[in-house]
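Read through the structure below, which is laid out as structure tokens, and then see the notes.
Here, each number is a calculation from the coordinates, and none is a lab measurement. Bear in mind the structure is a predicted one, so any value in this text is a computation, not a measurement. Virtual Cβ from ideal backbone geometry, glycine too; neighbours counted across all protein chains shown.
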Amino acid sequence: MADILVCDDERNLRELLCLALEGNGHKTLAAANGTEAIQMLERLHWDLLITDLRLPDISGLEILRRAKNLEPERPALLMTAFASASTAVTAMKEGAFDYLEKPFAMEEFHLAVSRALEQGALKQENLRLRQAVGACVAGEEIIGVSPAMRRVLEMARRAARTDASVLITGESGTGKELIARYIHANSTRSQGPFVAVSCAAVPETLIESELFGHVKGAFTGAISHRLGIFVEADHGTVLLDEIGETPLSLQAKLLRVLQERVVRAVGGSGEKAINVRLLAATNRDLSDEIAAGRFREDLLYRVNVVNLHLPPLRQRREDIPLLITRFVEKYARRYGLSITGLAPEVMACLMRYSFPGNVRELENVVEGAVALTVEGRVELEALPEAVRRGEGSKQNFVFHLPEEGLDLETHLLHIESCAMEQALTLCNGSKTKAAELLGMSFRTFRYRLGKVMDVK
Ligand SMILES: Nc1ncnc2c1ncn2[C@@H]1O[C@H](COP(=O)(O)OP(=O)(O)OP(=O)(O)O)[C@@H](O)[C@H]1O
Ligand SMILES: [Mg+2]
């Protein structure tokens with residue numbers, strides 16, 4: 001049941017309400033004035049605040065404000081004998097869930113309490129879900145627990161409301177296409193088509209006709225008319241994937257299309273107005289491409305009105321456990337297998353691995369492991385050799401020796417203490433799990449932890 005804070009300066013009423021709540025199985029905290037109430041709000045756990053409006057020291061509204069500052073999702077009820085429409089409105093504006101006019105019947109009180117608690121529980125659950133799953137697109141969840149991914153999703157949501165061109169950057173397999181689909185699905189164009197075209201997969205000579213269309217007989221093999229993606233995606237979104245690989249000749253044409261918003265089919269004479277939103281993705285660093293003379297700077301400005309950068313998975317390891325859980329569920333369901341979960345060593349091994357292929361690689365590894373397991377727990381043997389041996393883990397660690405040199409001993413200790421702290425955070429403070437994550441025995445971990453703490 002719930003922890004409920006009751007604040008009223010009338011002792012009889014306070015005690016009566018606390019007794020009534022305890023009778024329903026709740027735990028109560030009683031405060032006789034505002035100062036006491038605020039101290040309790042700050043120091044103790046509470047699920048619901050019930051406070052009188054007029055108190056000898058601080059107004060009930062002020063307590064409500066403090067409570068909302070501390071825990072915006074927790075409900076609060078206000079009581080008053082001096083009811084007026086304007087205070088009721090103020091109370092609701094400040095986030096009170098309900099407003100009880102004294103004197104009230106106990107029945108009315110209990111009803112308000114249970115409604116407030118229900119709503120509080122619902123809000124908590126929503127908050128939990130929002131934090132775990134960043135978003136959903138076409139039934140696929142976009143997992144984003146890490147602050148970095150949450151930021152990306154928030155920016156994507158904002159960009160989706162506009163028609164601005166977005167350049168999505170990030171290593172291969174980080175989810176660029178998924179984010180592009182998400183932007184489309186959350187934009188006013190969501191009812192229109194979403195067409196993705198890879199500028200790398202299509203042979204150079206064909207990209208132009210693929211994008212802008214061609215007329216019959218324009219070139220050998222052009223046996224019929226073709227509209228081209230920019231026309232097909234009318235009122236929708238076009239994703240130019242791997243835009244960094246577009247040949248220079250086509251970049252010039254693309255720039256013109258984006259500036260003038262018209263296309264001309266290969267071999268055709270007329271122009272057609274287009275109405276599409278442009279998204280582009282690349283795993284290359286376009287400023288390097290510009291420096292090397294392989295990419296037009298003016299085209300970069302056109303496509304990069306908003307930049308969304310997806311960090312590699314190794315820089316947001318907090319996302320790994322939930323991604324694994326969701327992929328295990330997905331593939332167990334798809335193959336009709338009854339998998340109960342992962343052996344702890346499997347999770348530890350995956351948390352250590354660097355995933356050069358990012359989320360796509362993680363998904364493939366999990367799919368393979370699930371398929372090999374058939375039933376019960378996924379064991380270490382089901383992981384590919386490379387993952388078990390932790391290959392590629394070194395990519396995780398880039399070291400540049402400063403010109404002035406450094407004290408290696410201290411530096412190593414610093415790295416060790418960072419690794420240990422991060423492992424502890426990831427494992428919610430469990431030293432056994434943190435030790436496992438760092439490939440150490442529990443005793444070694446405890447010993448080394450003591451040592452780095454001493455140095456600090
Ligand atoms: N945050 C995420 N949550 C759930 N699934 C994800 C997430 N990010 C990526 N994926 C999954 O990983 C796979 C790779 O994602 P996607 O194709 O969007 O990557 P990409 O960045 O476009 O890769 P590439 O550069 O190789 O084209 C997809 O199956 C996608 O559904
Ligand atoms: Mg892609």
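Key figures
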| read-out | value |
| --- | --- |
| Neighbour net charge for GLN422 - beta-carbon separation under 13 angstrom, K R +1, D E -1 | +2 |
| DSSP-defined beta bridges in the chain - what % are antiparallel, rounded to 5 | 15 percent |
| Exposure proxy ranking, count of Cβ atoms within 10 Å, fewest first, for LYS93, LYS330 | LYS93, LYS330 |
| Burial ranking of peptide ranges 226-232, 288-294, 7-13 (average Cβ count within 10 Å, highest at the top) | 226-232, 7-13, 288-294 |
| Gain on full stretching of the segment that runs from VAL202 to ALA164 - 0.36 nm per residue minus C-alpha separation | 11.1 nm |
| Extreme residue, positive dipole direction of the chain, given options VAL195, ALA332, ALA121 (C-beta unit charges) | VAL195 |
| Dmax and Rg, reported as Rg then Dmax, of region 138-311 (C-alpha, Å) | 16.2, 54 |
| Long-range HN-HN contacts of VAL378 with modeled amide H, under 5 Å | THR340, GLY341, LEU342, ALA343 |
| Selected from THR205, LEU100, THR162, residue furthest toward positive end of dipole (the chain; charges at beta carbon) | THR205 |
| Residues with amide H under 5 Å from that of MET79, placed H, sequence gap 5 or more | THR51, ASP52, LEU53, LEU100 |
| Principal-axis tilt of helix 358-373 within the chain, Cα atoms, nearest 10 degrees | 80 degrees |
| Cβ-based exposure ranking for ILE320, ILE142, in which fewest neighbours within 10 Å come first | ILE142, ILE320 |
| The chain: angle of helix 11-23 to the longest principal axis, Cα-based, in degrees nearest 10 | 60 degrees |
| Helix-only mean residue ellipticity at 222 nm for the chain, each DSSP H run of n ≥ 4 adding -39500 (n - 2.57), per residue, nearest 500 | -14500 deg cm²/dmol |
| Order of TYR331, TYR182 under a 10 Å beta carbon neighbour criterion, fewest first | TYR331, TYR182 |
| Percent of beta bridges antiparallel (DSSP, region 41-131, rounded to nearest 5) | 0 percent |
| Region 243-284 residues near the modelled SER224 label - backbone nitrogen below 20 Å, point 7 Å along Cα→Cβ | 265-268 |
| Residue-span extension gain [MET92 to LEU70] - 0.36 nm each, minus C-alpha spacing | 6.2 nm |
| In sequence order, calculated HN-Hα J values of region 162-167 (Karplus, 6.51, -1.76, 1.60; Hz; x Gly/Pro) | 9, 10, 5, 6, 10, 9 |
| Rounded if a/c under 1.5, otherwise prolate or oblate - region 316-395, Cα gyration tensor axes | prolate |
| DSSP bridge orientation in region 138-311 - percent antiparallel, rounded to nearest 5 | 15 percent |
| Contour minus Cα-Cα distance for GLU15 and HIS411 (0.36 nm per residue) | 136.6 nm |
| Prolate/oblate/rounded label for region 399-455 (Cα gyration tensor, a/c 1.5) | prolate |
| Note, ³J(HN,Hα) from phi for region 33-42, Karplus 6.51, -1.76, 1.60, rounded to Hz, x at Gly and Pro | 8, x, 4, 4, 4, 5, 4, 5, 4, 6 |
| 3J(HN,Hα) from dihedral phi, region 221-233, Karplus parametrisation 6.51/-1.76/1.60, rounded to Hz, x for glycine, proline | x, 7, 7, 8, 5, 9, 6, x, 4, 5, 8, 4, 8 |
| Charged-residue dipole, Cβ positions (Lys, Arg, Asp, Glu), region 399-455 about Cα centre, Debye nearest 20 | 560 debye |
| Modelled FRET efficiency - R0 41 Å, ARG333 with ALA85, Cβ distances, 0.05 increments | 0.15 |
| Sorted peptide list for 40-47, 244-251, 168-175, criterion being average Cβ within 10 angstrom, highest first | 168-175, 244-251, 40-47 |
| Shape call, region 300-456: gyration tensor on alpha carbons, a/c limit 1.5 | oblate |
| Positive dipole terminus of region 305-456, leading residue within THR373, LEU406, LEU383 (C-beta point charges) | THR373 |
| C-alpha center-to-center spacing [region 1-54, region 304-355] in angstrom | 43 Å |
| Radius of gyration and Dmax over the Cα atoms of the chain, both given in Å | 29.8, 95 |
| Computed E for ALA386/LEU250 - FRET, C-beta separation, R0 35 angstrom, nearest 0.05 | 0.40 |
| Candidate aspartates and glutamates for bridging to LYS330, where Cα separation is under 12 Å - those fewer than 8 sequence places away on the same chain excluded | GLU140, GLU141, GLU363, GLU367 |
| Listed pairs LYS431/LYS451; LYS27/LYS123; LYS27/LYS431; LYS68/LYS433; LYS176/LYS433 exceeding 24 Å between Cα atoms | LYS27/LYS431; LYS68/LYS433; LYS176/LYS433 |
